[in-house]
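Engineer: The structure follows.
The values are calculated or read from the model by the stated rules, or taken from the named source; none is laboratory data. Fair warning: this is a prediction, and the values are worked out from it, not measured in the lab. Note that we place each Cβ from the backbone using ideal geometry, even for glycine, and neighbour counts take in every protein chain shown.
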Amino acid sequence: MVPRSSERPFFPECLDWVMKHQLPDGSWSTEECHPLLLKDSISSTLSRVLALNKWNLGELLVTRGLEFMGTNRCAALDEKQRNPIGLDVVFPQLIQSAIESRLKLPMEPSVIDRLLRNKDDEIRRLRSQPHHLAYALER
């Protein structure tokens, strides 16, 4: 989403790639996504949805991505799901960006609130270990 200016993306070829690689289920993840890795798929999908939405591209792709998120929203708080490193910080920030972009997320407000609280808790926990937070955020 790196802007060259407020009117043009700096890396338009990346947006072209995103527009060509949405999976049939509406996600942007690996073709053979393990059922316990849905959190990663939801996060990857939301990041692509945000990029397309920012530049007013791929309206149908955005819709399909949001539908994928809605279908799999229960995974966001599922303790059995695997958490990629940094997900508890990064995914809620993507949600916050989506809210600020006025995207209609297919998640209940209580789920969004809990994810945002969990992010704040995780940041507080990691403040005493800044190298862990830096590691998590670079993933």
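Engineer: Return the pair list, or none, for Cβ contacts closer than 7 Å from residues in the range 60-79 that are under 13 Å from residue 27 (Cβ atoms) to residues that are at pLDDT below 95 and among the basic types (Lys, Arg), at least 6 apart or on different chains.
Structural biologist: That search, which allows pairs on different chains as well, returns 75/39.
Engineer: Let me ask something else. What single numbered condition from (1) buried (at least 17 other Cβ atoms within 10 Å of the Cβ); (2) in contact with a Leu (Cβ under 8 Å, 6 or more places away or on another chain); (3) more than 24 Å from residue 126 (Cα to Cα) fails to hold for residue 68?
Structural biologist: Here residue 68 clears every test but (2).
Engineer: Out of 61, 50, 115, 36, which single residue is surrounded by 14 or more Cβ atoms within 10 Å (Cβ to Cβ), part of a helix (DSSP H, G or I), hydrophobic (A, V, I, L, M, F, W, C) and more than 13 Å from the chain's Cα centre (by Cα)?
Structural biologist: 61
Engineer: State the number of residues belonging to the range 69-112 that are at pLDDT below 90, part of a helix (DSSP H, G or I) and acidic (Asp, Glu).
Structural biologist: Selection size over the range 69-112: 1.
Engineer: In contact with a Phe, Trp or Tyr (Cβ under 8 Å, 6 or more places away or on another chain), surrounded by fewer than 19 Cβ atoms within 10 Å (Cβ to Cβ) and over 16 Å from residue 17 (Cα atoms): does that describe residue 85?
Structural biologist: Numbers: in contact with a Phe, Trp or Tyr (Cβ under 8 Å, 6 or more places away or on another chain): yes; surrounded by fewer than 19 Cβ atoms within 10 Å (Cβ to Cβ): yes; over 16 Å from residue 17 (Cα atoms): yes.
So residue 85 passes the test.
Engineer: Further question: List the residue pairs whose Cβ atoms are under 6 Å apart, where the first residue sits in the range 12-41 and is farther than 21 Å from residue 115 by Cα and of a type in the set (A, V, I, L, M), the second is modelled with pLDDT under 95 and surrounded by 12 or more Cβ atoms within 10 Å (Cβ to Cβ), and the two are 6 or more positions apart or on different chains.
Structural biologist: Correct list of pairs: 15/9.
Engineer: Another question, if that's okay. Looking at (1) buried (at least 20 other Cβ atoms within 10 Å of the Cβ); (2) at pLDDT 95 or above; (3) out of contact with any Lys or Arg (no Cβ under 6 Å at 6 or more places or on another chain), can you tell me which one residue 26 breaks?
Structural biologist: (3)
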